[in-house]
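Asks: A single structure is presented below for examination.
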Amino acid sequence: MEEVDEQELHVERVAALDLGKAALEACVRVPHETRPGRRLQEVRGYATTTGALLGLADWLHSWGVTRVVMESTSAYWKGVFYPLEAEGFDCWLVNARDVKNVPGRPKTDKADAVWLCKVAERGMCRPSLVHPRPIRQLRDLTRYRRALIQDRTREMQRVEKLLEDAQIKLSSVATDIFGVSGRAMLEALIAGQRDPKVLAQLARRRLRAKLAALEEALRGFFTDHHGAILRMMLDNIDRHSEQIAALDTTIEEAVAPFAVQVAQLDQVTGVGVTAAQELIAEVGVDMARFPSAAHLVSWAKFCPQVHESAGKRKPKGRGKGNPWLAGTLGNIVATAARTDSFLGARYRRIAKRRGKQKAIVATGNSVLVIVYHLLTDPSASFVDLGGDHYQSRVHHDRRARSLASQLQAVTGQRIVIRDGKAVIVQPEAA
């Protein structure tokens, strides 16, 4: 037998909370005062209002509790986690999947709090990543900005459906119906203009080369009913645009302390300033939380999981990770895929063999590895390996011999490589 140097994990004074929307159950376990090796336990119920939470903090301080553990129940944990964190407690947020109750045990809020407390005092759970306050605030801003952009996009799609209902085929001719020319035509339609020739003359610049097509596309059945709805839709789009612009300014102020990290990430192919802000908001800047780049990739669920049973390995997918981070990585990969860079070559190389979805995950994996190393070292800078990285590593003579052997297996003729060319060797006459 091999001796293993393993330190026993044990928290002497610990509390666990079973959370709900309006109330919670708190269990405290501390060492017995007179009987060594024994534990004292008390369970109390508290409301989740601010005054009740301050009373909970006082009770925990009276028992000398050092660590408070709670499950990530919906968004209810935030209103409890942050005040207790401000009171100086070492708060742990744990995944409910890791601390499930044992089958057969009674399922009550008090029993769950006691079980969680027992698991926590033995070190049988691990905390989830909770970012510090500046990162949390930045994350709220970037997520709300994306939500507003999505709402604006949905409103734009409603406008296009309304125009189709009125037989206005503007989107079939103009690339952007919300550009200068398209917006002028929409405003004219709302104002009561129905003549397709007059509407087509509102085109600007390159769109004027399509006047004939515009006149035909604008010949529809647009009525005042459509105009009233279109007016409200355009007002909503303008309102969202103003809010997005205001958020951009607020985000720039919030991300100012991390300007160095934003500049580092902006160097990566496909990562602009907006994507860099979102990466910092979701991942943070303290990479000490992740022992390696592989841990960051695994946390983001951008690596495939393998399930082995009875000696057989079966793919299990990559699981559900952070959807906001996945969306940002998807946008980065989509941009990098159109460039002559290492990330673009990696995407195209994998997409050709295994499909676009797997290529997005694999390339996103590479992006996260790059992000990890850049944020780990403030002096590091990104250097692209180039779009010919994979091609430059191919041994051309070996590749030629491999292809020649494959061709020989198909044709049945002997093929050799001479001076970089494939030559068919004729069999000698008997």
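Asks: Over 30 Å from LEU207 (Cβ atoms) and surrounded by 13 or more Cβ atoms within 10 Å (Cβ to Cβ), is that true of MET124?
Replies: no
Asks: Just a yes or no: is a residue in segment 99-111 exposed (fewer than 15 other Cβ atoms within 10 Å of the Cβ), over 22 Å from the mean Cα position of the chain (by Cα) and either modelled with pLDDT of 90 or more or on the phi > 0 side of the Ramachandran plot (or both)?
Replies: Yes: segment 99-111 contains one or more residues that are exposed (fewer than 15 other Cβ atoms within 10 Å of the Cβ), over 22 Å from the mean Cα position of the chain (by Cα) and either modelled with pLDDT of 90 or more or on the phi > 0 side of the Ramachandran plot (or both).
Asks: Among the residues of segment 189-204, count how many are open to solvent by less than 70 Å² (accessible area, probe 1.4 Å) and more than 14 Å from LEU170 (Cβ to Cβ).
Replies: Residues of segment 189-204 open to solvent by less than 70 Å² (accessible area, probe 1.4 Å): 189-190, 192-193, 195-196, 198-200, 202-203.
The next check asks that each one be more than 14 Å from LEU170 (Cβ to Cβ); those that pass are 192, 195, 198.
Counting residues in segment 189-204 that are open to solvent by less than 70 Å² (accessible area, probe 1.4 Å) and more than 14 Å from LEU170 (Cβ to Cβ) gives 3.
Asks: List every residue pair whose Cβ atoms lie under 8 Å apart, where the two residues are 6 or more positions apart in sequence or sit on different chains, the first residue falls within segment 76-98 and is under 13 Å from ALA15 (Cβ atoms) and part of a strand (DSSP E or B), and the second residue, located anywhere, is among the acidic types (Asp, Glu) and open to solvent by 70 Å² or more (accessible area, probe 1.4 Å).
Replies: Pairs found: CYS91/GLU85.
Asks: Related question: Taking the stated definitions as given, is VAL114 within 17 Å of GLN41 (Cβ to Cβ), modelled with pLDDT of 90 or more and in contact with a Cys (Cβ under 8 Å, 6 or more places away or on another chain)?
Replies: Here the answer is no, as VAL114 does not meet what is asked.
Asks: Scanning segment 341-359 for residues that are closer than 17 Å to ASP266 by Cα and of a type outside the set (A, V, I, L, M, F, W, C), which turns out farthest from the chain's Cα centre (by Cα)?
Replies: SER341
Asks: Additional query: Pull up segment 57-70, narrow it to residues that are in contact (Cβ under 8 Å) with a residue 12 or more places away in the chain and over 35 Å from the mean Cα position of the chain (by Cα), then point me to the one that is nearest to LYS118 (Cα to Cα).
Replies: So, considering only residues that are in contact (Cβ under 8 Å) with a residue 12 or more places away in the chain and over 35 Å from the mean Cα position of the chain (by Cα), the one nearest to LYS118 (Cα to Cα) is VAL65.
Asks: Quickly run through segment 273-293 and pick out the residues that are surrounded by 14 or more Cβ atoms within 10 Å (Cβ to Cβ) and either in contact with a strand residue (DSSP E or B) (Cβ under 7 Å, 6 or more places away or on another chain) or without any contact (Cβ under 8 Å) to a residue 24 or more places away in the chain (or both).
Replies: VAL273, THR274, ALA276
Asks: Output the residue which, of all residues in segment 239-267 that are of a type in the set (Gly, Ala, Ser) and open to solvent by less than 50 Å² (accessible area, probe 1.4 Å), is farthest from the chain's Cα centre (by Cα).
Replies: Selected residue: SER241.
Asks: What residue, among those in segment 224-238 that are open to solvent by 60 Å² or more (accessible area, probe 1.4 Å) and not basic (Lys, Arg), is farthest from ALA166 (Cα to Cα)?
Replies: Per the criteria, the residue is ASP235.
Asks: Is it the case that ARG401 is among the charged types (D, E, K, R) and either closer than 29 Å to VAL262 by Cβ or touching a residue at least 24 places away in the same chain (Cβ under 8 Å) (or both)?
Replies: So ARG401 does not fit the description; no.
The values are calculated or read from the model by the stated rules, or taken from the named source; none is laboratory data. Just so it is clear, the structure is predicted and the values come from calculations on it, not from any experiment. Heads up, the Cβs are rebuilt from the backbone with ideal geometry, glycines too, and the neighbour counts pull from every protein chain shown. Each accessible area value is taken on the protein alone, full model and side chains, heavy atoms only, with ligands, DNA and RNA left out. Shrake-Rupley method; radii C 1.70, N 1.55, O 1.52, S 1.80 Å.
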